[in-house]
Structure formats: structure tokens, C-alpha cells
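Computed from the coordinates by the stated procedures, all read-outs in this text should not be read as laboratory data. These numbers come from a predicted model, not from an experiment.
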Amino acid sequence: MALLLHLSDTHFGTEIPAVVAALLDLSRRLKPDVAVLSGDVTQRARRAQFEAAATFMQALQAHAKLVLPGNHDLPLFNLWGRCTAPYAGFERVFGPHGDVVIDTPTFLVLGVDTTRPWRHQAGEVSRQQVSDTAQRLRKARPGQLKVVVTHQPLAVITPQDHRNLLRGGELAIKAWREAGADLMLGGHIHLPYAVPLALQHGDRTHGARPWVVQAGTATSTRLRGGWPNMVNVIEWQPPGQGSPGRGCCWLMQYHYVTAARCFAQAGPPLVVRAG
């Protein structure tokens, strides 16, 4: 079994120390192959917040790690910084921003940077990013689970969240589905859910694939809708290891349990790819 840990919206600057410690403990217990942080790493893109986030990511146990910026990782009140060096804080601790690839024997994870300095909250994906990501998906090796990560969501489940949909997302969904994407991970709206795109678009050409999987806030006080701090754990059984056809994939939510001061699995696994 291969594991991917998906966390989002850590918002360092509003983090809860006990939750941070519990999440590090979860990573030590699971030892995932890949860890993905899908944006809004900090609350206000300040140096101390980025340094705290970098310390956390260094301590997080995973063989490979991917960190994307979110809209909160660009200066909001420092207009000069936003105009002249919007990614300076992020790049100081995580290296150059932009699209990122993790390529392992079991996972192909493509991180797409959807932040734009001229947008306050909304995200955008360009035609070039759509094309480049689709080409990379087509080059996936047999046995890899194909995952695309953005900050803003590609599908929403509440009317009030339509304004948060990724600009250019319709084109991206069509291209990435046709290129074979299995999962599309995101955050931004602090609401965890998983939906097959076929249900939203009425197109069953690709069966239930891909699923949009959203994470809530992993470590911050900025909770929404009564949901606790949470992360997603994706378990992938490639073909030829007891799984039928083209492999099997399960999604599990892990919620922070205040009384136990730990993250625990919430409910049974959800099958998000079978055959």
C-alpha cells in the first residue's frame, strides 16, 4: 500500500500548537510516501509565519513533500511587497514558486500554482498550465495514481462557494479528465468533501473518475461549519498487488479529537477508484 497525506490551509499565525503536534505525530505513525500541502500555508505571509511553517514541514514525516502557495501566502497589507516581490516570503523557505511535480513509482502528483498577485482571493489556471499538466498526465507510468493539486476548488457543494471556484477550471477539468487524472485535490474554503466530477457534469465517459477531494483547515483556528481540524489520507493499491484491474484507491478523513489530543480516522474508507 502507498499513502498520500493531504493537508491544507494550515494558516500559520493562527495555528493551534496541540493540533500541530498531533499532526506531526500522525505523520510519524503513518509514514506516508507523499505529503501535499495545498496552499494557505500562512495567515498573512509574514516572515515568522513562513519560518514556523517551514519548521513544521521539515518535521513532517514523508518521503516526498509538495507545498503550494495559496492566496494568503501573498502579502495583503504590504502593497509594495505584493507588487514588487509577492512570493519572496514563500520562496525564502520553500524555494521557487510555480508548478511542482512529484514522480514516484506509485504516485504522479502535479501541483499547479493558481495564485495571482492581482487577485485577492480568487485563483486562476492559465491555458498553458492546463496544457502542460495534461501532457504530464499522459506521460504517467503504469501503476501510478495520477493526482492534480490546486489551491482553489474545481468543484463545490454549496451555492455560496461558487464564487471560490478556480477561474479556468472548466477547461482544466475537461483536459485533465481526458488526460487520465484520478484525483484533484484542493483547499481554500475550509470545507472537506469528496465528489466524483461525473455527478456534477453529467458526463460518464470516464466513469466516476476523477474525484475532487477537498480538505478543511489542518491546524488553524479558522474552522468552518462545525468541522474539526482535519486532513485526508489517500491509500493506493496499484495493480498487481491484490487489487483488480487498474488498482484501487481509498480516501480516509482524519479528524482532530480534542479529548484525545490526536488525529483519528473518521468513518470508513471511501473508494475513489476501483478498476
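Taking amide hydrogens as placed 1.01 Å from N in the peptide plane, the amide H of T104 sits under 5 Å from those of V109, each at least 5 positions away in sequence or on another chain. Considering the chain, its Cα convex hull presents a mean projected area of 13.6 nm². For V212, the residues whose modelled amide H falls within less than 5 Å of its own, excluding neighbours fewer than 5 places apart on the same chain, are M184, V195, L197. Across the range 223-228, computed HN-Hα scalar couplings (Karplus, 6.51 cos²θ - 1.76 cosθ + 1.60, θ = phi - 60°) run 7, 9, x, x, 6, x Hz from first to last residue, x flagging Gly and Pro.
With helices defined as uninterrupted DSSP H runs, which ones in the chain have an alpha carbon span along their own long axis of at least 27 Å and mean Kyte-Doolittle hydropathy of at least 1.6?
Correct list, ordered by number: empty.
In the chain, the DSSP-assigned H stretches of four residues or longer account for a calculated mean residue ellipticity at 222 nm of -7000 deg cm²/dmol, using -39500 (n - 2.57) per stretch and the full residue count as denominator.
Candidate cross-link partners of K174 among the lysines, defined by an alpha-carbon separation under 19 Å and a same-chain spacing of 8 or more, comprise K139, K146.
Residues whose amide H falls under 5 Å from that of G123, counting only those 5 or more places apart or on a different chain, are R167, with hydrogens built in the peptide plane. Under a Gaussian network description of the chain, with springs only between Cα atoms under 10 Å, the residue in Q128, Q265, Q214 that fluctuates furthest is Q128.
Its relative contact order, with pairs defined as Cα atoms under 8 Å and 6+ residues apart, puts the range 2-274 at 20 percent.
In sequence order, the range 148-165 has phi-based couplings of 10, 10, 10, 7, 6, x, 9, 8, 10, 10, 10, x, 5, 8, 4, 5, 8, 4 Hz under the Karplus curve 6.51 cos²θ - 1.76 cosθ + 1.60, θ = phi - 60°, and Gly or Pro positions carry x. By its C-alpha gyration tensor, with a ≥ b ≥ c as the square roots of the eigenvalues, how is the range 92-233 shaped: rounded for a/c under 1.5, else prolate for a/b larger than b/c, else oblate? It is rounded, given that a/c, with a ≥ b ≥ c, falls under 1.5.
Comparing mean-square fluctuations of T114, T258, T217 from a GNM of the chain with C-alpha springs under 10 Å, the top value falls on T258.
Within straight-line reach of K31, meaning a Cα separation under 15 Å, sit the following aspartates and glutamates at least 8 residues removed in sequence or on another chain: E235. Largest GNM mean-square fluctuation across N78, N164, N229, computed for the chain with C-alpha springs under 10 Å, falls on N78.
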